[in-house]
Amino acid sequence: TPPELIRNFCIIAHIDHGKSTLADRMLQETGVVEQRQMRAQYLDRMDIERERGITIKSQAVRLPWAVDHKTHILNMIDTPGHVDFTYEVSRSLAACEGAVLLVDAAQGIEAQTLANLYLAMENDLTIIPVLNKIDLPAAQPEKYAEELAGLIGCEPEDVMRVSGKTGVGVTDLLDTIVRELPAPVGNADAPARAMIFDSVYDTYRGVVTYVRVVDGNLSPREKIAMMSTRAAHELLEIGVSSPEPVPSKGLGVGEVGYLITGVKDVRQSRVGDTVTTALKPATAALGGYKDPKPMVFSGLYPIDGSDYPVLRDALDKLKLNDAALVYEPETSAALGFGFRVGFLGMLHLEIVRERLEREHDLDLISTLPNVVYQVGMDDGTEIEVTNPSEFPGGKVATITEPVVRATILAPSEFIGSIMELCQSRRGTLRGMDYLSPERVEMRYTLPLAEIVFDFFDALKSRTKGYASLDYEPDGEQEADLVKVDILLQGDAVDAFSSIVHRDKSYAYGVMMAGKLKELIPRQQFEVPIQAAIGARIIARENIRAIRKDVLAKCYGGDISRKRKLLEKQKEGKKRMKMVGSVEVPQEAFIAALSQD
Ligand code: GDP
Ligand code: MG
């Protein structure tokens with residue numbers, strides 16, 4: 001296809017504003033998916049995506065659309081809609097010339113609308129503003145058209161109105177995409193350069209890599225090379241998604257499609273990398289390649305210790321499909337053999353854990369997640385701490401923690417309580433803008449550790465669910481952090497150690513000691529539970545000793561009852577772990593580590 005007839009676009013929206021539904025309607029209107037094959041969220045292929053109603057992996061699809069009797073090729077690139085996957089969103093955007101900015105006509109602009117819009121603007125995309133869900137009785141298209149026009153600097157009447165549900169306005173939108181978005185430009189005679197914007201593992205075909213060709217062209221059976229690693233592979237198949245894969249004779253300037261080379265690991269074909277030909281390689285890579293960087297770490301342990309090899313194989317398998325997943329073996333005195341696993345964020349953690357449990361039939365315990373700290377020692381050495389147990393005991397000079405730039409959108413009546421919340425999370429207000437008299441955008445710098453776990457829930461509950469949040473990494477800052485250990489009978493329980501801000505160390509110690517007191521059964525002797533920073537005890541609870549033997553209760557009673565009791569005790573023992581001289585039921589660890 002000549003570049004003049006190609007339009008590459010993506011749909012960007014806040015979660016639930018209807019991106020997947022609109023994409024479905026476009027598949028139908030352009031006839032690429034027949035009515036009877038249609039199912040909701042056609043492009044969200046992973047089970048977890050469909051169940052949670054979110055898009056995790058982006059996908060591209062080719063849509064033919066005739067305008068002025070000329071058939072154009074629209075390549076629609078669906079982007080993931082969650083902060084954990086911002087990097088993948090930004091690569092998808094870089095593969096496009098334009099973006100449909102979709103806003104729910106009953107909700108208005110939300111935090112991810114802004115975050116995605118800014119990303120699109122950084123990539124110089126032409127923006128088509130669209131209000132969706134105009135079929136809803138609660139829709140206020142006039143009001144939000146004005147808001148949207150004010151934001152991007154157009155006239156309210158330029159804002160399109162559609163319903164992904166009923167299909168109203170969708171053909172108009174497709175026409176507008178052809179008329180308003182620029183065609184791709186590139187040098188057809190230059191050495192080939194194509195950007196990888198997605199890479200997925202398929203059991204049958206190996207890694208399928210989605211690319212957008214910028215210069216030159218790629219053809220089947222050619223040797224291609226990855227510019228970041230110089231690794232060469234033979235191109236076994238090249239084609240386009242319609243949306244099922246259709247092999248083609250090659251891909252030229254501006255075209256979007258997939259490559260198959262037979263590699264088995266997405267790490268050999270990474271999002272953001274540039275593909276060129278091995279015989280006539282390009283000299284400069286396309287910009288933007290970044291190694292995925294795990295932001296949150298947690299220990300993952302099988303509840304049944306004999307499942308350890310299953311967990312290891314499951315992680316190896318998952319890694320083929322997830323370049324951002326990192327892990328290494330770890331042992332815990334309390335939990336046994338497991339892995340230290342790094343994730344992009346909490347959603348990524350939940351997805352990985354769910355896939356391990358569901359697809360590999362595992363029961364897992366995960367330890368309290370933590371972010372990555374840099375610890376500078378007095379002697380000048382630097383230590384990267386991804387696990388509280390690695391926190392050095394010696395002379396620490398500085399500790400830095402990752403921070404994020406957060407954007408919060410909310411009705412202005414909640415400004416006070418949002419400020420209070422951010423203050424309690426060590427946030428610094430960076431700026432505030434009114435989108436309209438009753439809606440405000442607040443920008444904060446916050447420690448990642450304060451925002452990543454339960455901040456969003458706290459924000460929602462303080463704003464009656466009206467606030468939305470988006471954030472992106474913004475470097476590091478020094479902070480007064482300490483490691484709090486939890487000791488049973490004087491022995492530290494590694495799974496409960498945590499790195500927290502000094503001001504919050506006491507609260508953490510009291511909370512954990514109190515929780516464990518409830519969860520650990522009484523022993524033959526008194527067991528102190530202590531929370532400590534180094535050698536200093538900051539909190540203490542006691543588990544009192546059992547006064548009488550449990551059998552004394554049925555002294556003189558019938559023997560079968562005694563036997564049953566003994567039997568029960570034995571069964572219980574199997575699931576006990578020894579921490580020093582203290583017997584702790586495994587359930588206590590699970591309960592203490594589960595956040596409620
Ligand atoms: P996404 O998170 O942006 O991909 O949003 P989805 O496409 O999954 O839609 C979120 C919810 O809004 C779903 O329950 C959809 O059925 C609903 N929805 C999407 N588009 C429309 C629309 O045009 N009208 C109405 N009434 N509901 C819609
Ligand atoms: Mg979706």
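Structural remarks
- Whole-number D in µm²/s for the chain (Stokes-Einstein; Kirkwood sum over Cα pairs; 25 °C, 0.890 mPa s): 91
- Inverse of mean 1/r across different Cα pairs in region 93-156, Kirkwood, Å: 12.0
- Cα-derived Rg to Rh of region 196-338, Kirkwood definition: 1.08
- Radius 12 Å from Cβ of GLY216, net charge of other residues (Lys, Arg +1; Asp, Glu -1): -2
- Placing +1 on the Cβ of every Lys and Arg and -1 on the Cβ of every Asp and Glu, with no other charges, gives region 137-177 a dipole of roughly 280 debye about its Cα centre.
- Extension gain for the segment ARG205 to SER461, taken as residue separation times 0.36 nm less the Cα-Cα distance, is 87.6 nm to one decimal.
- Whole-number accessible area per residue in Å² for region 122-230, which is evaluated in the context of all protein chains at 1.4 Å: 47
- In order along region 358-375, the phi-based Karplus estimate (6.51 cos²θ - 1.76 cosθ + 1.60, θ = phi - 60°) of 3J(HN,Hα) comes to 7, 7, 10, 6, 10, 10, 10, 10, 10, 7, 3, x, 9, 8, 9, 10, 9, 10 Hz; Gly and Pro are listed as x.
- Under the Karplus curve 6.51 cos²θ - 1.76 cosθ + 1.60, θ = phi - 60°, whole-Hz ³J(HN,Hα) for region 219-228, x wherever Gly or Pro sits: 10, x, 6, 6, 8, 10, 9, 8, 6, 7
- For region 490-497, Karplus couplings with θ = phi - 60° (6.51, -1.76, 1.60), whole Hz, Gly/Pro x: x, 9, 5, 9, 4, 5, 9, 5
- For region 257-361: accessible area per residue (Å², 1.4 Å): 42
- The share of alpha-carbon pairs in region 304-410 lying farther apart than 22 Å comes to 44%.
- Between LYS165 and ASP135, the distance separating the two model label sites (each 7 Å from Cα on the Cα→Cβ line) works out to 0.6 nm.
- MET121, MET160, ranked by accessible area, largest first (probe 1.4 Å): MET121, MET160
- Computed from Cα atoms alone, the Kirkwood hydrodynamic radius reported for region 500-539 is 11.0 Å.
- For the listed residue pairs LYS19/LYS464; LYS223/LYS317; LYS395/LYS483; LYS223/LYS280; LYS483/LYS504; LYS223/LYS249, the alpha carbons are over 19 angstrom apart in LYS19/LYS464; LYS223/LYS317.
- For the chain, with +1 on Lys and Arg beta carbons and -1 on Asp and Glu, the positive-most of SER594, CYS10, PRO141 along the dipole: SER594
- Label-reachable residues, region 107-124, where backbone N falls under 13 Å from a point 7 Å from ILE15's Cα toward its Cβ: 111-113
- Alpha carbon convex hull of region 123-266, projected area averaged over orientations, nm²: 11.6
- Exposed-site-free run, longest, the chain (rule: chymotrypsin sites (Phe, Trp or Tyr not before Pro); DSSP loop; at most 12 other C-beta within 10 Å): 205-524
- Using the Cβ-Cβ distance between GLN524 and THR331 with R0 = 25 Å, the FRET efficiency computed as 1/(1 + (r/R0)^6) comes to roughly 0.35.
- Charge context of ARG426, other residues only, Cβ under 15 angstrom, K/R +1, D/E -1: -4
- Within the accessible area of region 169-274, the carbon and sulfur atoms contribute 48%, probe 1.4 Å, all protein chains present.
- Theoretical ellipticity at 222 nm over the chain - DSSP helices of four or more residues, -39500 (n - 2.57) apiece, nearest 500: -7500 deg cm²/dmol
- Cβ-based net charge around LYS319, under 10 Å, with every Lys or Arg adding one and every Asp or Glu removing one: -1
- Residue-normalised accessible area of region 460-528, expressed per residue, 1.4 Å probe, Å²: 49
- Computed extension gain for GLU142 through GLU155, at 0.36 nm per residue and net of the alpha carbon distance, reaches 3.5 nm.
- Spacing of the modelled spin labels on GLU413 and ARG430, each 7 Å from Cα toward Cβ, amounts to 2.9 nm.
- Between GLU476 and ALA545, the distance separating the two model label sites (each 7 Å from Cα on the Cα→Cβ line) works out to 5.0 nm.
- Between ALA66 and MET121, full extension at 0.36 nm per residue minus the direct alpha carbon distance yields a gain of 17.0 nm.
- Here region 322-385 is assigned +1 on the Cβ of each Lys and Arg and -1 on the Cβ of each Asp and Glu. Its dipole about the Cα centre then comes out at about 180 debye.
The values are calculated or read from the model by the stated rules, or taken from the named source; none is laboratory data. Note that this is a predicted model, so its numbers are computed, not measured. Quick reminder, even Gly has a Cβ in these numbers, built from the backbone with ideal geometry, and neighbours come from all protein chains shown. Protein only, heavy atoms only, side chains kept; ligands, DNA and RNA dropped before computing areas. Shrake-Rupley method; radii C 1.70, N 1.55, O 1.52, S 1.80 Å.
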